[in-house]
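Undergrad: The structure's right below; bear with me while I get my questions together.
Bear in mind these aren't lab numbers, they're just calculated from the coordinates by the rules spelled out. Not measured: the values here are computed from a predicted model. Don't worry about glycine lacking a Cβ; one is built from the backbone with ideal geometry, like all the others, and counts go over all protein chains shown.
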């Protein structure tokens, strides 16, 4: 599970930061959260590729979060894509996407499937579930949570070796939950395999004020990517514009007991003040990070102690 920060700014691009777009590469899929201008170029620079399973999750319909869609979709067409692309977003997403495509005088050579979401499960696969809740912004807006499904428990190697069960297909059957017979002995998954292991969780808030609902939605997440548009000296402006300050993002991370916080949607005014913003966050939540465009993070599996 690799998080790639394609664009980390907000409002307008700067010399240092592009507009919002975060890709998660996982299980043969690309899950893209928001799609600011030039997202397709950033994806190419990052070496992401355009996987067969490509899903886009829009938090809201402000221009800095959606105006990269035509370029991204047309680039895929030029690469002769035939597989569908799924786009999830708030009410109005269908009209906005269709208008963007018509206005830019082109159509895609592959299906674009648009789903307008509400709170709850947005989509699910064999490996993961994506859920949403409403965030607090100036327009209808959602935060998303990618939750990896539980993985099978660890094999009890010492026990299996002590009874002489050879490694191979029988071990696989046990890990998939099936009993096996070996030399007349019935071996059950309960005695051969440890408890299921917790999956990884990533939360992406999009633009939002800090809320108790976001705290609960992010509880114990492995990664929280939270709006941090302004430093705290512009608290009143952040509140008026439906954004969070760096300090507020750190307070959410601390209250939710997440493992790692990434500050996101940074105003262009802070292009030369990254260290100040990071210090503000780390004074409250030490595991805060301020990613640059095209940086990435491989999300580790939780340790067994974190299971509960």
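Undergrad: What FRET efficiency do you get for residue 257 and residue 125 if R0 is 30 Å and r is their Cβ-Cβ distance, rounded to the nearest 0.05?
TA: Step by step, r from the Cβ atoms, then E = 0.65.
Undergrad: Let me have the relative contact order for the chain, percent, based on Cα pairs under 8 Å that are six or more residues apart.
TA: On the way: 700 pairs, mean separation 53.9, N = 308.
Computed over the chain, the figure is 17 percent.
Undergrad: Helix-only mean residue ellipticity at 222 nm, the chain, DSSP H runs n ≥ 4 weighted -39,500 (n - 2.57), per residue, nearest 500. What is it?
TA: About -7000 deg cm²/dmol.
Undergrad: Helix 69-78 versus the longest principal axis of the chain: what angle, 0 to 90°, nearest 10, using Cα atoms?
TA: 60
Undergrad: Exposure proxy check: 203, 139 ranked by fewest other beta carbons within 10 Å?
TA: With the fewest neighbours first, 203, 139 line up as 139, 203.
Undergrad: Full extension from residue 15 to residue 163: what is 0.36 nm times the residue separation minus their Cα-Cα distance, to one decimal in nm?
TA: Fully extending the segment from residue 15 to residue 163 adds 46.9 nm.
Undergrad: On to the next question. Which shape class, rounded, prolate or oblate, goes with the range 1-153 when its Cα gyration tensor gives a ≥ b ≥ c as root eigenvalues, a/c under 1.5 marks rounded, and past that a/b bigger than b/c marks prolate?
TA: Rounded shape, in that the Cα axes give a/c under 1.5.
Undergrad: Based on the Cβ-Cβ distance from residue 272 to residue 29, what FRET efficiency comes out when R0 is 45 Å, to the nearest 0.05?
TA: E between residue 272 and residue 29, to the nearest 0.05, is 0.80.
Undergrad: With 10 angstrom as the radius, rank 227, 53, 293, 233 by how many other C-beta atoms surround their C-beta, starting from the fewest.
TA: Placing the least packed residue first, the sequence is 233, 53, 293, 227.
Undergrad: Measure nothing but the geometry: give the 0 to 90° angle between the long axis through the Cα atoms of 93-103 and the longest principal axis through the Cα atoms of the chain, rounded to 10°.
TA: Relative to the chain, helix 93-103 is tipped by roughly 60 degrees.
Undergrad: Another one. At a temperature of 37 °C and a viscosity of 0.692 mPa s, determine how fast the chain diffuses translationally according to Stokes-Einstein, using the Kirkwood radius over alpha-carbon pairs as Rh; express D in µm²/s, rounded to the nearest whole number. Working shown, then result.
TA: Details: Rh = 20.7 Å.
It diffuses with D of about 158 µm²/s by this estimate.
Undergrad: By DSSP, what percent of the beta bridges with both residues in the chain are antiparallel, rounded to the nearest 5?
TA: On the way: 33 of 58 bridges.
Of those bridges, close to 55 percent are antiparallel.
Undergrad: Which of the peptides 13-24, 266-277, 207-218, 168-179 is most tightly packed, and how do the rest follow, judged by the mean count of other Cβ atoms within 10 Å per residue?
TA: In descending order of packing, they fall as 13-24, 207-218, 266-277, 168-179.
Undergrad: Can you sort 165, 32 so the residue with the fewest Cβ neighbours within 10 Å comes first? Display every interim value, and only then the final one.
TA: Numbers: 165 19, 32 24.
Final ranking by Cβ density, sparse to dense: 165, 32.
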